[in-house]
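Peer 1: Dropping the structure in here first, questions after.
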2 protein chains.
Amino acid sequence: MNNMNRAWRLEKRPVGTIQPTDLSLVEEPIPELEDGQILKRNIYLSVDPTNRIWMSDREQYMPPVEIGDVMRGGTLGVVESSRHAGFEPGDLVNGLGGWQTHHVASGDMVNKLPGDTGIPLPAFMSALGATGVTAYFGLLDIGQPKAGETVVVSAAAGAVGSIVGQIAKIKGCRVIGISGSDEKCAHVVDDFGFDGAINYKTENVAERLRVLCPDGIDVDFENVGGPIFDAIMEQINLNARIVLCGMISTYNESDGAVRGPDNFDQVLMKRARIEGLIVSDYLNRWMEAMTELGTWVMEGKIKYDVDIVDGIENTLTALDRIFAGANIGKQLVRLSPEP
Amino acid sequence: MNNMNRAWRLEKRPVGTIQPTDLSLVEEPIPELEDGQILKRNIYLSVDPTNRIWMSDREQYMPPVEIGDVMRGGTLGVVESSRHAGFEPGDLVNGLGGWQTHHVASGDMVNKLPGDTGIPLPAFMSALGATGVTAYFGLLDIGQPKAGETVVVSAAAGAVGSIVGQIAKIKGCRVIGISGSDEKCAHVVDDFGFDGAINYKTENVAERLRVLCPDGIDVDFENVGGPIFDAIMEQINLNARIVLCGMISTYNESDGAVRGPDNFDQVLMKRARIEGLIVSDYLNRWMEAMTELGTWVMEGKIKYDVDIVDGIENTLTALDRIFAGANIGKQLVRLSPEP
């Protein structure tokens with residue numbers, strides 16, 4: 001067994017776009033296990049827009065990653081050795097695990113995956129992972145869509161947006177997606193069943209929304225912020241709900257300001273509700289989402305994409321793909337082969 | 001009986017600050033009553049920040065006042081003649097009535113005041129009027145303050161803010177007000193029982209909030225918007241609630257943009273909820289608020305100020321006082337003597 005770990009450590013806080021020198025890939029010995037710990041070989045690493053927030057020291061929802069620490073990330077791996085009664089070698093587990101090939105973790109901090117479901121492992125990092133659960137609670141708990149209402153989803157082809165749209169369709173809503181290429185727009189309509197899609201890079205978003213949402217917008221699942229959010233806010237209905245899940249368009253702003261929409265008075269005029277969402281608030285209800293999402297996936301009612309980059313050395317490239325909009329679906333890095 | 005009405009009609013939509021030529025004061029015959037109508041002599045006229053919104057044609061929560069129409073406003077008056085079975089001369093009524101001395105109204109569109117309460121009439125235009133009911137539902141329904149939480153109120157000495165703070169104190173909260181003069185700050189602490197107050201014209205709001213809200217801010221009752229709102233948003237707690245009641249600092253902006261707070265990402269990071277409030281949504285629960293507010297007023301638990309300007313010709317002056325922050329408490333215009 002390999003006794004070395006390869007890990008990305010944060011060297012300094014990025015200013016604006018992440019630079020290759022902001023992190024370094026180091027090779028270091030795997031520590032000995034203590035009681036209660038497991039050694040996990042990571043198979044899949046999730047890279048997400050929120051990684052950029054964790055690298056900064058702005059006010060945020062978890063402690064920032066400290067300089068010198070292994071970069072934080074969601075992982076799925078296989079137990080190689082265990083000094084925890086709940087795990088044995090070969091068990092598949094997921095949880096926060098870091099940008100690293102191997103992870104010595106407290107067994108209490110990881111979750112064992114259900115065996116023999118027939119569901120491919122990457123599903124547990126996408127539709128049945130944190131992004132799927134984010135979509136589930138964000139849309140249903142905060143967005144509260146009713147049949148016949150119009151739901152708009154930005155970053156519609158993304159890991160969260162694509163699931164949001166499909167759940168909204170299951171609930172009987174009209175669903176319009178906003179995305180960054182004709183290919184992605186066709187994908188969300190043809191494969192995910194959205195009623196329409198807007199390419200924000202080539203189309204006038206406000207004009208197209210007026211055409212595609214003739215009855216106005218009841219729910220906005222907001223992943224992007226900036227001018228796209230402004231265009232949506234112009235067309236919200238009375239008592240609209242805005243699920244604020246992310247504002248990826250703003251994360252690389254170096255001045256630290258993340259301005260609200262240009263037409264913020266619409267919140268007052270339309271008695272709208274804007275509410276922020278972080279999926280970790282739903283840890284105690286995780287199984288509720290997994291159960292229903294798992295059923296929908298097995299019934300073929302929810303489809304998902306994964307976009308896999310191979311090799312830990314390509315982790316920053318994988319993250320860049322998200323900010324460039326190059327990925328289609330959940331962006332993962334494969335750190336080692338599936339068992 | 002006088003058979004002429006004096007009325008302010010909207011001549012053109014103000015650009016920026018209201019100019020005297022934007023409205024004209026005309027004298028015109030009072031029309032004959034038709035079946036179902038009453039003739040009301042207005043006694044008190046309410047002038048409010050939202051009047052400025054109604055004069056514009058921006059997207060808003062009611063139709064804008066049309067050019068040439070009598071300006072819309074809340075009134076309290078006495079019935080002079082009636083062709084409606086529910087009213088007789090001498091009845092006191094309130095409701096939307098316009099900036100005019102006399103009003104021929106459908107009896108179905110006004111409310112008869114309770115008789116013999118011993119409560120002074122101006123109370124029905126302040127603590128027990130639309131501003132009091134706004135404070136009541138905004139704080140309790142949307143803000144949902146819990147005992148021990150910290151509530152911040154901007155425009156704290158105003159008709160809405162002063163009632164919000166007193167209700168929050170009744171509910172066991174720590175209450176900090178923000179206001180525009182030392183006199184008003186002393187007033188909200190000494191007379192309305194706030195725990196502290198900040199003069200935004202002479203003090204650094206962010207610094208003072210840090211001192212006066214050592215446990216952070218759980219509820220913001222937002223009447224002002226702009227930089228004061230930014231300073232509050234910096235210091236909100238997890239799951240904070242922001243009651244968006246008004247943004248008076250922005251109403252005279254001539255470019256039409258009403259930007260959200262500079263640190264809008266706090267909504268996400270703190271999983272906060274921002275919700276807009278227009279009191280007309282609570283018409284069917286009006287008596288619930290009136291009953292409890294009336295009890296508190298009679299018990300002396302809620303105090304209120306009215307700031308009265310005499311004469312319909314001084315209506316624009318009265319409205320200017322609000323935008324200049326010259327009023328203390330509910331700004332009214334007395335159009336004729338109480339019976």
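The values are calculated or read from the model by the stated rules, or taken from the named source; none is laboratory data. This one's a predicted model, so the numbers in the text were calculated from it and none came from an experiment. Neighbour counts run over all protein chains shown; Cβ positions are idealised from the backbone, glycine included. Each accessible area value is taken on the protein alone, full model and side chains, heavy atoms only, with ligands, DNA and RNA left out. Shrake-Rupley method; radii C 1.70, N 1.55, O 1.52, S 1.80 Å.
Peer 1: Name the chain B residue with the Cβ nearest the axis that maps B onto A: which is it, and what is the distance in angstrom?
Peer 2: Residue and rounded Å distance to the axis: B:Gly260, 1.
Peer 1: Taking each residue in A:270-282, count the Cβ atoms of any other chain within 10 Å of its Cβ, then average. What number comes out?
Peer 2: For this peptide, the per-residue mean of nearby foreign Cβ atoms is 5.
Peer 1: Estimate the FRET efficiency between A:Glu32 and A:Met62 by the formula 1/(1 + (r/R0)^6), using the beta-carbon distance for r and 22 Å for R0, to the nearest 0.05.
Peer 2: 0.20
Peer 1: Next up: How large is the accessible surface per residue of chain A, computed with a 1.4 Å probe and reported in Å² as a whole number?
Peer 2: With all protein chains present, chain A gives 39 Å² per residue.
Peer 1: Using only Cα atoms, tell me the angle between helix A:315-324 and the longest principal axis of chain A; keep it within 0 to 90° and round to the nearest 10.
Peer 2: Between the helix axis and the principal axis of chain A, the angle is about 0 degrees.
Peer 1: Could you work out how far the C-alpha centroid of the range A:274-321 sits from that of the range A:174-193, in angstrom?
Peer 2: The distance from the Cα centre of the range A:274-321 to that of the range A:174-193 comes to 18 Å.
Peer 1: So if R0 is 22 Å, what FRET efficiency would A:Asn111 and A:Ala186 give, r being the distance between their Cβ atoms, rounded to the nearest 0.05?
Peer 2: The calculated FRET efficiency here is 0.05.
Peer 1: Spelling out what I want: for every residue of the range A:134-147, take phi, set θ = phi - 60°, compute 6.51 cos²θ - 1.76 cosθ + 1.60 (Karplus), and round to whole Hz; glycine and proline get x.
Peer 2: 4, 4, 4, 6, x, 6, 7, 7, 9, x, 6, x, 10, 3
Peer 1: Per residue of A:231-238, how many C-beta atoms from partner chains lie within 10 Å of its own C-beta, taken as a mean?
Peer 2: Counting Cβ atoms of other protein chains within 10 Å of each residue's Cβ and averaging gives 1.
Peer 1: Roughly what % of DSSP beta bridges within chain A run antiparallel, to the nearest 5?
Peer 2: If we restrict to bridges inside chain A, about 55 percent are antiparallel.
Peer 1: Further, regarding this structure: Evaluate peptide B:123-129: per residue, the Cβ atoms of other protein chains within 10 Å of its Cβ; return the mean as an integer.
Peer 2: 0
Peer 1: Let me ask something else. Working out 0.36 nm times the residue gap between A:Glu313 and A:Asn239, then minus their Cα-Cα distance, what length gain in nm do you get to one decimal?
Peer 2: 21.9 nm
Peer 1: When you count, for each residue, the other Cβ atoms within 10 Å and take the mean per peptide, how do B:57-64, B:330-337, A:221-228, A:25-32 rank with the highest first?
Peer 2: In descending order of packing, they fall as A:221-228, B:330-337, B:57-64, A:25-32.
Peer 1: If amide H atoms are built 1.01 Å from N in the plane of the peptide, which residues on other chains or at least 5 residues away come under 5 Å of the amide H of B:Glu11?
Peer 2: When sequence neighbours closer than 5 places are left aside, the close amide H contacts are B:Leu23, B:Ser24, B:Gly68.
Peer 1: If you don't mind, another one. Of all beta bridges DSSP finds with both residues in the protein assembly as shown, what is the antiparallel percent, to the nearest 5?
Peer 2: Antiparallel bridges: around 55 percent, rounded to the nearest 5.
Peer 1: Now, a different point. Tabulate in residue order the Karplus-calculated ³J(HN,Hα) for the range B:266-278, using 6.51 cos²θ - 1.76 cosθ + 1.60 with θ = phi - 60°, rounded to whole Hz; enter x for Gly and Pro.
Peer 2: Result, rounded to whole Hz: 4, 4, 6, 4, 9, 6, 7, 10, 10, 9, x, 9, 10.
Peer 1: Among rounded, prolate and oblate, which fits the range A:130-280 when a ≥ b ≥ c are the square roots of the eigenvalues of its C-alpha gyration tensor, a/c under 1.5 means rounded, and a/b larger than b/c means prolate?
Peer 2: Since a/c stays below 1.5, the shape of the range A:130-280 is classed as rounded.
Peer 1: Further question on the same structure: Mind checking the full-extension length gain between A:Ser81 and A:Asn284? Use 0.36 nm per residue of separation minus the Cα-Cα distance, one decimal, nm.
Peer 2: 70.3 nm
Peer 1: Sticking with this one: Which percent of the accessible heavy-atom area of the range A:130-280 goes to carbon and sulfur, probe 1.4 angstrom?
Peer 2: About 46 percent, which is the carbon plus sulfur part of the accessible surface.
Peer 1: For the interface of B with A, what's the total buried accessible surface in square angstrom, probe 1.4 angstrom, rounded to the nearest hundred?
Peer 2: 2900 Å²
Peer 1: Kindly provide the trypsin sites (Lys or Arg not before Pro) of the range A:195-264 that DSSP labels as loop, not H, G, I, E or B, and whose Cβ sees at most 15 other Cβ atoms within 10 Å.
Peer 2: Passing both the DSSP loop test and the Cβ count: A:Lys201.
Peer 1: Mind listing the phi-derived Karplus ³J(HN,Hα) values for the range A:83-98, rounded to whole Hz, using 6.51, -1.76 and 1.60 with θ = phi - 60°, and x for any glycine or proline?
Peer 2: 10, 10, 4, x, 9, 9, x, x, 4, 9, 9, 9, x, 5, x, x
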